[in-house]
Amino acid sequence: MSRLEQRFADLKAEGRAALVTFVTAGDPGYETSLEILKGLPAAGADVIELGMPFTDPMADGVAIQLATLRALDAGQTLLKTLAMVKSFREKDTTTPLVLMGYYNPIHRFGVDNFVTQAREAGVDGLIIVDLPPEHDAELAEPAQAVGIDFIRLTTPTTDDSRLPRVLERSSGFVYYVSVAGVTGAGAATAEHVGAAIARLRSHTSLPISVGFGIRTPEQAAGIARLADGVVVGSALVDKIAKAATPQQAVNDVLGLCRELAEGVRSARR
């Protein structure tokens, strides 16, 4: 089993959802970002999404756009992001780590070179928001050929005729974007999320993680009662933006992660 398969299977056996946390690699600087990354599992993160900074993050809201700019200004590159994963893996061999971002930097890096180095570094999955299933041969197939899961986004506008195509080569888990729009948008209602998950389950047996607009332990708990995973990104990234010092950024991100984890873990008690 892959790390993602193992983690979701273990949590299903425990009777709870996963907390999936997102941070941008290199935000606000390499060393601080690496300290945050290494601290997330102990703070309660079950799966980590690590954003690959890109100059045109069109699917992201202001918080993550600004995080990307901070990372790029600090000198973050795709090679450094892979180095962060490798450093993380020196002490943590069990927490699934997924790279999330856009295709352009990977294309420029070279797909074969990227998937080889990503696998060697310890990457478990990819979420590439601007690469539709019609282009699976470009990245999804090479990634899966070396054992890296390719995770698809589905949205409220992905209808039943489109879902089979979107999910055809999906692996790891399905990421349900619960509101239309960019990251950090308002949260969906529990009724909407419940209906959406039921519809997705009729198309796939993969775990379903729900994200966009989840900012508090209470919201996380509400989603954790319905889904297999709860994705939180902008709320964590905001802690970095508001921190007066790098150490405060570390403390505040990990502190919020602990609160979110308690919300997720208590949701079905």
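The values are calculated or read from the model by the stated rules, or taken from the named source; none is laboratory data. Keep in mind that this is a model prediction, so the values were computed, not measured. Reconstructed Cβ throughout: ideal geometry from the backbone, glycine too, with neighbour counts over all protein chains shown.
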Residue count, region 40-60 (criterion: in contact (Cβ under 8 Å) with a residue 24 or more places away in the chain and farther than 23 Å from residue 172 by Cα) = 4
ask   = In region 107-128, which residues are of a type in the set (Gly, Ala, Ser) and either surrounded by 15 or more Cβ atoms within 10 Å (Cβ to Cβ) or touching a residue at least 60 places away in the same chain (Cβ under 8 Å) (or both)?
value = 118, 121, 122, 125
ask   = Could you count how many residues in region 218-249 are within 30 Å of residue 74 (Cβ to Cβ) and part of a helix (DSSP H, G or I)?
value = 14
Answer from 241, 196, 224 - the residue that is surrounded by fewer than 18 Cβ atoms within 10 Å (Cβ to Cβ), touching a residue at least 24 places away in the same chain (Cβ under 8 Å) and not charged (D, E, K, R) = 241
key: Candidate set: region 93-106, residues that are over 19 Å from residue 56 (Cα atoms) and surrounded by 16 or more Cβ atoms within 10 Å (Cβ to Cβ); chosen: the one nearest to the chain's Cα centre (by Cα)   = 98
task = Filter region 244-269 for residues that are without any contact (Cβ under 8 Å) to a residue 40 or more places away in the chain and crowded, with 20+ Cβ neighbours inside 10 Å and give the result.
result = 256
Residue 141 among the charged types (D, E, K, R), over 30 Å from residue 28 (Cβ atoms), surrounded by fewer than 18 Cβ atoms within 10 Å (Cβ to Cβ) and modelled with pLDDT under 95 = no
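Kindly evaluate residue 11 against the criterion of being under 21 Å from residue 255 (Cα atoms) and not hydroxyl-bearing (Ser, Thr, Tyr).
So residue 11 fails the test.
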request  = Select from region 43-79 the residues that are under 19 Å from residue 148 (Cβ atoms) and among the charged types (D, E, K, R) and write down the one among them that is surrounded by the most Cβ atoms within 10 Å (Cβ to Cβ).
outcome  = 49
key: Options 86, 91, 12; residue that is outside any helix (DSSP H, G or I) and closer than 26 Å to residue 229 by Cα   = 91
request  = Go through 39, 61, 110 for me and flag whichever is out of contact with any helix residue (DSSP H, G or I) (no Cβ under 7 Å at 6 or more places or on another chain) and small (Gly, Ala, Ser).
outcome  = 110
inquiry  = Give me the residue from region 147-157 that is β-branched (Val, Ile, Thr), assigned to a loop (DSSP other than H, G, I, E, B) and touching a Phe, Trp or Tyr at 6+ places or on another chain (Cβ under 9 Å) and, out of that set, nearest to residue 190 (Cα to Cα).
reply    = 155
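Per-residue answers, yes or no, for (1) in a helix (DSSP H, G or I); (2) touching a Pro at 6+ places or on another chain (Cβ under 6 Å); (3) of a type in the set (D, E, K, R):
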residue: 72; (1), (2), (3): yes, yes, no
residue: 82; (1), (2), (3): yes, no, no
residue: 107; (1), (2), (3): yes, no, no
residue: 123; (1), (2), (3): no, no, no
residue: 166; (1), (2), (3): yes, yes, no
residue: 176; (1), (2), (3): no, no, no
